Amino acid sequence: MPTLSELNRLQLYSRSPQFMADVEELNAPLNLQRIFSPENRGRVAMLRARVAQALGHSHFSPESIRTLLKQLKAGTRRKGALTHAVKVLPDKTTRGSRGVPGVILPLRDGRFLTLEIDLTAAHKADLLQEVGECISAFQSEQVRSQRQDKRHKTTGDIDMWDVYDQRSNGVTPYKIAREIYRKRTGNVAGFNTDTMEYKAVQRKLKTAQGMINRNPYPRQ
């Protein structure tokens, strides 16, 4: 089964009531009964195994999950994704010697980034997200700011999980897309089901639901 980027994995499971209930239980205050009860130790082991099966390890708290999500969404955590499907191939690597540190130059001529992509490791949407994370990590802040004025022409800045949450709360895809269109253009004149915002909302809903269906939280 293809794996998910770290951000999408956290987004997905943080929306599972059972997952969050397990995390809450694992972080409940300790007492003598919890410490010495064989039944409790068995349950804790089961919960940790289930959380670890979903996220790789079990030492999470609700607060740490929220913090990690903020870091990943803001791009301030650069440790890569869980899939590791996209790797940066350095342009030049030199070994260090005594008193002289080695050098790794990822960019050729300070501009060109070479990536190796494992096309079997994840779905296209996850791979594209990892490619985007690599670009954000190596692209200069000056270039990113120069391009920001063109973002309204694309739909890449529409948050898939925000769209999913709104739909889960009963907002129709049409209303979600119309509000996005209004924020971009200042009015709703010309909005219809053929606009790129509406089509993007439909795609993102389908992608999010597909991720959830393919990666159910382990049952008890």
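Within this structure, M1 passes the test of being modelled with pLDDT under 80 and either within 28 Å of G210 (Cβ to Cβ) or in a helix (DSSP H, G or I) (or both).
Just checking, does the range 17-27 include any residue being polar (S, T, N, Q), more than 23 Å from W161 (Cα to Cα), modelled with pLDDT of 85 or more and not in a helix (DSSP H, G or I)? Yes. Scanning the range 90-124 for residues that are modelled with pLDDT under 75 and in a helix (DSSP H, G or I) yields nothing. Scanning the range 169-188 for residues that are surrounded by 13 or more Cβ atoms within 10 Å (Cβ to Cβ) and under 16 Å from Q209 (Cβ atoms) yields V171, P173, I176.
The values are calculated or read from the model by the stated rules, or taken from the named source; none is laboratory data. Note that the structure is predicted; figures quoted are calculated from it, not measured. Backbone-built Cβ (ideal geometry, glycine too); neighbour counts: all protein chains shown.
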